[in-house]
Structure formats: structure tokens, C-alpha cells
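Here the structure is laid out as C-alpha cells; the discussion comes afterwards.
Read-outs throughout are calculated quantities, based only on the coordinates presented, and are distinct from any laboratory measurement. Keep in mind that what you see is a predicted model, and the values were worked out from it rather than measured. For neighbour counting, all protein chains shown are included, and Cβ atoms are generated from backbone atoms with ideal geometry for every residue, glycine included.
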Amino acid sequence: MTLSLTEPPSLLGKPGIFFSIEGSATIIRDRIQFQEHWVDGLERWFTQGVDTPGLVLIKVHADRIQYWDGEENGIVKV
């Protein structure tokens with residue numbers, strides 16, 4: 001599995017950053033774990049909270065992370 005994350009350039013002109021995370025993933029459907037990881041603001045997308053139908057957590061065990069920030073790039077093996 002690969003996850004990609006990006007952040008736009010800063011207001012001060014610093015380039016954005018991009019991460020590519022490779023590893024294995026586990027799907028979690030446990031309501032108790034939903035409650036443990038719930039943070040304010042998620043109800044914007046999940047209006048029924050932890051009772052939202054189809055809600056899952058994806059737990060990723062990273063093996064390798066690659067990053068680019070417009071100035072540097074590299075690979076971190078985990």
C-alpha cells in the first residue's frame with residue numbers, strides 16, 4: 001500500500017512538502033478504537049460520529065517514506 005500526503009507552499013513562500021509512505025495496511029472496524037482516535041472537527045465529514053455507516057480506520061505499518069520539500073528529498077527506511 002502507498003499513501004501520499006502533500007502540503008501546499010507556505011504563506012512566506014517556502015515550498016510545500018510531499019510524502020510517499022509505503023507499507024502494509026490493516027482495516028479496523030472497531031467502534032472503541034474509533035472513539036479513541038476521534039478528534040474535534042471530524043464530524044464535518046462523518047456527521048453521525050463513530051456511528052457513521054461504513055466508517056473504518058486504516059492502520060499503516062510504514063516500511064519506507066520518501067519526501068520532497070522543493071529544496072531537499074530523501075528516503076527513510078523504517
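Residues are listed down the side, and each one gets a yes or a no for (1) within 30 Å of ILE75 (Cα to Cα); (2) surrounded by 11 or more Cβ atoms within 10 Å (Cβ to Cβ); (3) not basic (Lys, Arg):
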site: SER4; (1), (2), (3): yes, no, yes
site: LEU12; (1), (2), (3): yes, no, yes
site: ILE17; (1), (2), (3): yes, yes, yes
site: ILE28; (1), (2), (3): yes, yes, yes
site: ASP40; (1), (2), (3): no, no, yes
site: ARG44; (1), (2), (3): no, no, no
site: GLY49; (1), (2), (3): no, yes, yes
site: THR52; (1), (2), (3): no, yes, yes
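Residues in segment 60-78 that are surrounded by 13 or more Cβ atoms within 10 Å (Cβ to Cβ) and basic (Lys, Arg): ARG64 only.
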